[in-house]
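Take a look at the structure set out below.
Quick note: the coordinates plus some simple rules give every number you see, no bench work behind them. Just so it is clear, the structure is predicted and the values come from calculations on it, not from any experiment. For neighbour counting, all protein chains shown are included, and Cβ atoms are generated from backbone atoms with ideal geometry for every residue, glycine included.
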Amino acid sequence: MLFHRPAFFLFGTLLCCSSQSPRGIENMELSPPQQSSRANKTQPAWAVPFPGEGFGCRNPYPQPWLCENFQVDGVDQGSYLWIQRPHAQFLLVAPHGRFDKGTDVIAYNIFPPQPGEGQPAWSQLIAHSFRRHSPSGLQHNVNRPSTLHQDVCTDPPELKVSQLVYQRLTEHLDAMVPKPKLYFEIHGQDDPELKATIEVATARLSAGEAAQVREIMMQELDRAGIPGIAVKIEGLDEVKFRAGKAKLCGSIHHVAPAPALHTEIPLSMRQGEEAQVKSVQFYQALLRRLATELFPL
């Protein structure tokens, strides 16, 4: 692929499980985290991070990426892959890797690992195969304690495993950036009426900030060579994907009072190597500008 080769460096901080459990799940058995930080010496770091049918941490990743196969009662539910950067103040999350086609590849390549000065102010996390192809057969929403087919903010017994999946996500987020200045999620939408539209749900942004986000996005789409894409942002435009449950009981609620952006990009920006390269360029520029212009440290 065409992404820039990053330099590798060792980042030794490993996360561990919290001793606390959500209500009603005290008797569920959580397997200890199985983490991998093996340097990849045979495959270029910009390659697709989840090749073929390979599951989670079976694949080697370049340091400082860390990987965890998350299990409940000995059954794999999905995997978390993340970079926790020193002094990071911003969080980038792709919670539906493999289900939202291409979002995992894009999020993986936005900020390649790099040593020393010049590191981005963002920590990255990708959740993979929780919503599709999970060995458990469940379809966890990950960024909220529910499943694809039972998307509620209550805690019925049948959602206990999904609550644990979501709890683990929040543990990672809290350890990576306890008080983020901005929380940013990447999703993919396949709505036939939105084939040339990025929708952005927002939380805790003013109308002026939303307008600035839209303007920056339009500028960087043009610079990345992605023509004909409209940007609709909540608060200024009517949007279909409002991230309502994530705001009410999920990740966007959890990171409050940090402002949050939930982007839904069309398939045309996610399918194929050329589209993914351009989307990586778009997100690299967008996130750097958000961190320096709109939410500076």
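Considering Cα pairs under 8 angstrom that are at least six residues apart, work out the relative contact order of region 67-216 and quote it in whole percent.
In percent, rounded to a whole number, it is 26.
Return the subset of LYS195/LYS278; LYS101/LYS247; LYS160/LYS245; LYS195/LYS240; LYS181/LYS247; LYS181/LYS278 for which the Cα-Cα distance in this structure is over 20 Å, preserving the input order.
Correct reply: LYS101/LYS247; LYS181/LYS278.
How far apart, in nanometres, would the label points at ALA256 and HIS87 be if each is projected 7 angstrom from Cα along the Cα-to-Cβ direction?
It is 3.2 nm.
State the extension gain, in nm to one decimal, for the chain segment bounded by ALA207 and LEU297, taking 0.36 nm per residue of separation less the distance between their alpha-carbons.
Taking ALA207 through LEU297 to full extension adds about 30.3 nm, to one decimal.
Which residues among region 219-240 fall inside the zone where the amide N is under 14 Å from a point 7 Å beyond the Cα of SER268, along Cα→Cβ?
Only 221-222, 225-232 pass the distance filter.
Principal axis lengths of region 133-254 from Cα atoms, whole Å, largest first?
That gives 46, 35, 24 Å along the principal axes, largest extent first.
From the Cα gyration tensor of region 202-297, with a ≥ b ≥ c the square roots of its eigenvalues, which class applies: rounded if a/c is under 1.5, or else prolate if a/b is larger than b/c, or else oblate?
Judged from the Cα gyration tensor, region 202-297 comes out prolate (a/c at least 1.5, a/b above b/c).
With an 8 Å cut-off on Cα pairs and a minimum separation of 6 or more residues, tell me the relative contact order of region 182-238 in percent.
47 percent
With r as the distance between the Cβ atoms of LYS179 and VAL75 and R0 = 35 Å, compute the FRET efficiency 1/(1 + (r/R0)^6) and round to 0.05.
0.55
Going by average Cβ neighbours within 10 Å, how do the peptides 265-274, 179-188 rank, with the highest at the top?
Most protected by this proxy first, the peptides run 179-188, 265-274.
Quick one: length gained pulling CYS153 to ASP222 fully straight, 0.36 nm per residue minus the C-alpha distance?
Extra length from CYS153 to ASP222 when fully extended: 21.0 nm.
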